[in-house]
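The values are calculated or read from the model by the stated rules, or taken from the named source; none is laboratory data. All values derive from a computational prediction rather than experimental measurement. All Cβ positions, even for glycine, are placed from backbone atoms using ideal geometry, and neighbour counts span all protein chains on display. Surface areas here come from the heavy atoms of the whole protein model, side chains and all, with no ligands, DNA or RNA. Shrake-Rupley method; radii C 1.70, N 1.55, O 1.52, S 1.80 Å.
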Amino acid sequence: MTTFTRAELEREFEAYQERGRLAGKTGDWNPWADQFTDDAVYVEHLFGRFEGQAAIRSWITTTMAEFPNNQFVEFPIEWAMFDEDRGWIVCEIQNRLADLGDGSIFQAANLTRLVYAGDGRWSYEEDAYNPQAMADVVQAWMHRRRELKHA
């Protein structure tokens with residue numbers, strides 16, 4: 001079992017979050033995919049299991065380029081727990097849709113488990129969430145979007 005320091009896990013988790021912020025802002029998910037090891041596994045409960053950095057990259061760049069996925073632009077962390085012995089981080093991430101200009105917030109949460117591999121890279125990510133809650137927030141966002149266009 002590899003042990004990582006809390007400071008290293010916190011630093012790399014902040015880097016993970018920063019890559020998500022930049023991807024949400026620019027739409028370029030390649031740097032986000034770069035943080036995974038060549039043999040990483042990513043489990044996404046709606047989209048499936050992706051094995052290897054290339055498969056993760058192909059999935060994330062394609063999926064996040066499509067509407068309405070490309071409208072998820074912020075990913076605030078509600079809380080995080082660190083397990084230095086396992087190199088795990090478990091957290092709650094809000095998947096927030098783009099601001100429609102009226103100050104309303106549309107977001108849905110997922111629980112994420114990350115496994116740190118060292119050297120700034122992740123070997124595993126799993127996102128668990130309620131797909132219906134995600135669909136409901138997208139529908140509410142789209143409804144509000146139509147309302148504002150007609151106001």
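Side notes on the structure shown:
- Taking 0.692 mPa s as the viscosity and 37 °C as the temperature, the Stokes-Einstein diffusion coefficient of the range 82-151 based on its alpha-carbon Kirkwood radius rounds to 231 µm²/s.
- Surface share of carbon and sulfur [accessible, 1.4 angstrom probe, percent] for the chain: 51
- Unit charges on C-beta of K, R, D, E only; dipole of the chain, Debye: 620
- Contact order normalised by residue count of the chain, Cα under 8 Å, 6+ apart, percent: 23
- Estimated from helices alone, the mean residue ellipticity of the chain at 222 nm is -12000 deg cm²/dmol (sum of -39500 (n - 2.57) over DSSP H runs with n ≥ 4, per residue).
- The angle between the Cα long axis of helix 53-63 and the longest principal axis of the Cα atoms of the chain comes to about 10 degrees, rounded to the nearest 10.
- Diffusion constant of the range 20-134 at 25 °C, which comes from Stokes-Einstein with the Kirkwood Cα-pair radius and 0.890 mPa s, µm²/s: 167
- At R0 = 22 Å, FRET efficiency that the Cβ-Cβ distance of Leu22 and Glu78 yields, to 0.05: 0.60
- Proportion of all alpha-carbon pairs of the range 33-72 beyond 13 Å (%): 51
- Between Val90 and Ala54, residue separation times 0.36 nm minus the direct Cα-Cα distance comes to 10.6 nm.
- The chain: angle of helix 131-150 to the longest principal axis, Cα-based, in degrees nearest 10: 40
- Under the Debye formula (equal points on every Cα, no solvent term), log10 I(q)/I(0) of the range 1-83 at q = 0.17, 0.22 Å⁻¹: -0.79, -1.22
- Farthest positive-ward along the chain dipole, Cα basis, beta-carbon charges - from Val90, Pro76, Ala54: Pro76
- Percentage relative contact order, the range 27-102, counting C-alpha pairs under 8 Å, at least six apart: 23
- Mean accessible surface per residue for the range 1-41, computed with a 1.4 Å probe while every protein chain stays in place, in Å²: 57
- Å³ per residue enclosed by the Cα convex hull of the range 91-131: 91
- About the Cα centre, charge dipole magnitude for the range 59-140 (Lys/Arg +1, Asp/Glu -1 at Cβ), debye: 120
- GNM top mover of Asp127, Asp85, Asp136 - the chain, alpha-carbon springs below 10 Å: Asp85
- With all protein chains kept in place, the per residue accessible area of the range 81-123 amounts to 44 square angstrom at a probe of 1.4 angstrom.
- Highest mobility in the GNM of the chain, judged by mean-square fluctuation with C-alpha springs under 10 Å and restricted to Phe75, Phe13, Phe67, is found for Phe67.
- Choice from Glu78, Glu126, Glu18 with maximal GNM fluctuation in the chain (Cα, 10 Å cutoff): Glu78
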